[in-house]
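Before any comments, here is the structure.
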Amino acid sequence: MDRPRSNQFSLLALRSARVWRAILMGMLASMLLGACTQTPTPTVETFCFRLALDASTAPLVEELVAAYCAERPHVTIELVRAPNAERALQALQEVQADLVSVSWLPERQKAGEEAWYRPFARDAIVMITHPSNPVGDLTLLQLRDIFQGQTLFWRDLGGLEIDILPVSREEGAGTRASFESLVMEGRNVTPTAVVMPSGRAVVEYVSAHPGAIGYVSLGWLAPAVNLLALEGTAPSPGALEEGRYLLARPFYLAAERPPGDGLAEFVEWVSSGNGQEIVRQHYGPVP
């Protein structure tokens, strides 16, 4: 005798439920097994530090920091901008920064027992004039005479029939300290020199005054002014690397004490490999 149709449907439903239950249990077991055997993802600790930078090193350091943080997303570098080297070092001393990049270090900073510094690039102090000035090359002696106030007219150097107008930097500027050391050698800049508060201001003033001559870091060179060669050599990354340009000076990273952990990793990156490849694009690398 045939079974009632309702009983057949009940039996099929029961069997189907058992099959689906077995399938679901198998899937759950596989998920649990996978979770137990999966390798845990390592946790990367975030790291943050403050870097004070003076105006001369700013163009290069900003590029280095951007590249470094792109390679290491877990690192955050807070930039503390200062108008000159003296103010940047002051930020370090007042614990407003953990590391500093400057274009000049006073001898007391280099002589400190715990103080730490390392050069990371070679910069050029470049001499600039107005684009209308036909003079394209000076000797070191001619440059010194100009800024002492002993040479007063461009015609004496093969230039225009106009007065020479020296443009210098403010006290505390690393570029001024380096210029006075490399060019003036203990002699005073003429008191009639125009004093500007930044490299950008020097460029703007010289570009607007046909008789002006000033000095800036290589990073502040602009098309609005004329670049002078010195003793027959124009400043360039190649001339800096080969030691042929006379007005060269190091850029430094400095700290109150030798850096550790994340700071040391940043310093090593800047001083070698990818960091120095970026430096070579605009400046001279360090050995």
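Some values worked out for this structure:
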| item | result |
| --- | --- |
| Residue match in the stretch 127-139 (condition: farther than 25 Å from LEU105 by Cα and in contact with a Pro (Cβ under 6 Å, 6 or more places away or on another chain)) | yes |
| Residues (outside any strand (DSSP E or B), closer than 21 Å to ALA121 by Cβ and without any contact (Cβ under 8 Å) to a residue 24 or more places away in the chain) located in the stretch 222-235 | ALA222, ALA234 |
| Single residue of the stretch 50-75 satisfying the filter (among the small types (Gly, Ala, Ser) and either in contact with a strand residue (DSSP E or B) (Cβ under 7 Å, 6 or more places away or on another chain) or not in a loop (DSSP other than H, G, I, E, B) (or both)) that is surrounded by the fewest Cβ atoms within 10 Å (Cβ to Cβ) | ALA70 |
| Subset of the stretch 76-99 that is hydrophobic (A, V, I, L, M, F, W, C) and part of a loop (DSSP other than H, G, I, E, B) - its residue that is nearest to THR57 (Cα to Cα) | ALA82 |
| Cβ-Cβ under 7 Å pairs, at least 6 apart or on other chains, the stretch 246-267 side in the same structural domain as SER101 (by TED's automatic domain parsing) and more than 19 Å from ALA58 (Cβ to Cβ), far side surrounded by fewer than 18 Cβ atoms within 10 Å (Cβ to Cβ) and of a type in the set (Asp, Glu) | GLU256/GLU114; ARG257/GLU114 |
| Hey, VAL279 of a type in the set (Val, Ile, Thr) and assigned to a loop (DSSP other than H, G, I, E, B) or not | no |
| Hey, TYR245 of a type in the set (Ser, Thr, Tyr) and not in a loop (DSSP other than H, G, I, E, B) or not | no |
| The stretch 172-187 - residue that is among the hydrophobic types (A, V, I, L, M, F, W, C) and surrounded by fewer than 19 Cβ atoms within 10 Å (Cβ to Cβ) and, of those, nearest to TRP220 (Cα to Cα) | LEU182 |
| Residue match in the stretch 251-268 (condition: of a type in the set (Lys, Arg) and either under 20 Å from the mean Cα position of the chain (by Cα) or farther than 26 Å from ARG50 by Cβ (or both)) | no |
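Here's the yes/no breakdown for (1) assigned by TED's automatic domain parsing to the domain that holds SER272; (2) of a type in the set (Ser, Thr, Tyr); (3) at pLDDT below 95:
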{"site": "ALA58", "(1), (2), (3)": "yes, no, no"}
{"site": "GLU63", "(1), (2), (3)": "yes, no, no"}
{"site": "ALA67", "(1), (2), (3)": "yes, no, no"}
{"site": "LEU79", "(1), (2), (3)": "yes, no, no"}
{"site": "GLN93", "(1), (2), (3)": "yes, no, yes"}
{"site": "GLN96", "(1), (2), (3)": "yes, no, no"}
{"site": "SER101", "(1), (2), (3)": "yes, yes, no"}
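The values are calculated or read from the model by the stated rules, or taken from the named source; none is laboratory data. If you're wondering where the values come from, they're calculated on a predicted model, not measured in any experiment. Ideal geometry is used to build each Cβ from the backbone, glycine not excepted, and the neighbour counts take in all protein chains shown.
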